[in-house]
Amino acid sequence: MDDNIATLKGIGMTMYEAQAYVTLTSLISATADEVSQNSGIPRSKIYDVLKKLNEKQFLEIEDGRPLTYNVKSPVEVLTREKERLNSEIDDTITRLTYVYENGMSQVQAPIWRIYGVEKIIAQEIEIIKRAKKSINMRIGFLFEGEGDALIKALKNRTDLMVNILASPVCYINNEEVDIIKMFEENDINIQKADIPFVKLIISDSKEMMHTYTKFSEDKREVIPETAIGIWNKYEDIAKNYDDRFKNQLKKLKKRNKN
């Protein structure tokens with residue numbers, strides 16, 4: 001299938017509608033018979049197809065005998081359709097997120113195990129996106145690509161209060177990574193601390209995720225296939241960890257000030 005036709009079908013056109021529009025973009029202006037002949041759409045179907053395209057504002061009909069069909073610019077119509085789809089997707093995200101979060105709050109035991117580095121990073125990003133006020137993190141190590149993913153997500157949430165306590169360095173693919181420098185260069189609040197080989201993210205004192213992994217014998221490299229995340233939506237537990245985090249941060253700031 002032609003890529004253009006496949007894309008047009010993806011935004012809601014039928015096969016015949018997509019074929020007719022693609023054909024008209026090369027003809028610019030044509031009769032129904034000409035569109036039928038050039039597109040391969042049966043003549044018995046072409047009038048209904050062109051009528052639908054007119055209703056969807058992909059072309060204009062010029063009076064005459066026979067009628068002439070004038071194509072509208074792809075920039076005009078596809079930009080319009082892109083904006084429409086983006087708006088519909090945003091509305092759907094809002095509605096389904098409301099349903100999802102209500103459902104999550106009713107789960108009796110809101111604790112889940114998450115296996116695999118990609119899924120763990122994806123869940124961290126989702127926690128950041130859901131946050132309303134604050135994100136607090138302890139970073140004792142990073143997976144490959146995780147630092148960049150976290151930075152991108154946090155930079156998109158300038159409305160949040162972000163505090164990160166982190167080990168000064170970790171090792172990825174036998175290369176030393178300066179965690180503090182990586183986040184500081186992106187204007188994200190981070191402080192050096194004595195953090196064990198675990199990772200913790202807490203959102204709004206309401207949800208959190210611990211991440212654990214095994215390390216190589218020299219304690220330098222993570223073993224990605226052993227990674228596991230424990231995602232917890234018990235608010236009492238999340239608040240307890242968040243209070244401990246804030247106490248640690250307060251003591252660290254006081255010590256650094258002295």
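The values are calculated or read from the model by the stated rules, or taken from the named source; none is laboratory data. Note that this is a predicted model, so its numbers are computed, not measured. Neighbour counts run over all protein chains shown; Cβ positions are idealised from the backbone, glycine included.
In segment 91-102 there is at least one residue matching the filter, namely being farther than 30 Å from Asp236 by Cα, among the acidic types (Asp, Glu) and in a helix (DSSP H, G or I). Residue check: is Asp187 farther than 30 Å from Asp218 by Cα, surrounded by 16 or more Cβ atoms within 10 Å (Cβ to Cβ) and of a type outside the set (Val, Ile, Thr)? No: the conditions fail for Asp187.
Here's a check for you: in segment 120-145, which residue that is in a loop (DSSP other than H, G, I, E, B) and either of a type in the set (A, V, I, L, M, F, W, C) or without any contact (Cβ under 8 Å) to a residue 12 or more places away in the chain (or both) is surrounded by the fewest Cβ atoms within 10 Å (Cβ to Cβ)? Once the filter is applied, the top-ranked residue is Phe143. Of all residues in segment 189-208, those that are on the phi > 0 side of the Ramachandran plot and either outside the structural domain of Lys251 (by TED's automatic domain parsing) or within 22 Å of the chain's Cα centre (by Cα) (or both) total 1. Out of Val117, Val169, one residue alone is buried (at least 17 other Cβ atoms within 10 Å of the Cβ) and either of a type in the set (A, V, I, L, M, F, W, C) or at positive phi (or both). It is Val117. You will find that of Asp194, Asp159, Asp148, the residue that is without any contact (Cβ under 8 Å) to a residue 24 or more places away in the chain and in a loop (DSSP other than H, G, I, E, B) is Asp159 and no other. Of the listed requirements (1) assigned by TED's automatic domain parsing to the domain that holds Ala153; (2) in a loop (DSSP other than H, G, I, E, B); (3) not basic (Lys, Arg), Ile41 misses just one: (1).
Taking residues in segment 28-41 that are free of Cβ contacts under 8 Å to residues at least 12 places away in the same chain, and partners anywhere that are of a type in the set (D, E, K, R) and in a helix (DSSP H, G or I), the pairs with Cβ atoms closer than 7 Å and at least 6 places apart or on different chains are Ser36/Arg43.
The criterion of being under 13 Å from Ile202 (Cα atoms), modelled with pLDDT of 95 or more, crowded, with 20+ Cβ neighbours inside 10 Å and of a type in the set (A, V, I, L, M) holds for Ile164. Looking only at segment 204-247, which residues are farther than 30 Å from Asn173 by Cα and among the hydroxyl-bearing types (Ser, Thr, Tyr)? Within segment 204-247, Ser205, Tyr234, Tyr241 meet the criteria.
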